[in-house]
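Peer 1: If you scroll down you'll find the structure; I have some questions about it.
Every number in this text was worked out from the coordinates using simple rules, so none of it is lab data. As the structure is a prediction and not an experimental result, all values here were calculated from the model.
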């Protein structure tokens, strides 16, 4: 149990006050936090940690790592998504090349165009019948 004595000889039982939920910040407690506890905590810090620029940099890094809209987690996800989309881009570029070659073959060869139309669009000549055979799997 922690009992803190202030200049006005009022005693604060911090642990019990926190358990009851009746703890309030008075001017005495704020004075105490700034003087006694603050001095104890600051004396334990290394000298570079007391520097304003060090503290500002630490706060900035914490903000950028966890709270900013462009934090490191989102950057990692975006980088992974970019790699995935680049893989898809390569796949689709290869497909485009295949389709272009097939298109050139269809436009330059009438027999190939007829074969393609019969296979894919079930087209027929006037005196033919089309039978579709489906494998039962």
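Peer 1: What length, rounded to one decimal in nm, is gained on full extension from residue 103 through to residue 68, with 0.36 nm per residue of separation minus their alpha-carbon distance?
Peer 2: 7.6 nm
Peer 1: What base-10 log of the normalised intensity I(q)/I(0) is obtained for region 37-137 from the Debye formula, alpha carbons as equal point scatterers, at q = 0.11, 0.18 Å⁻¹?
Peer 2: -0.70, -1.00
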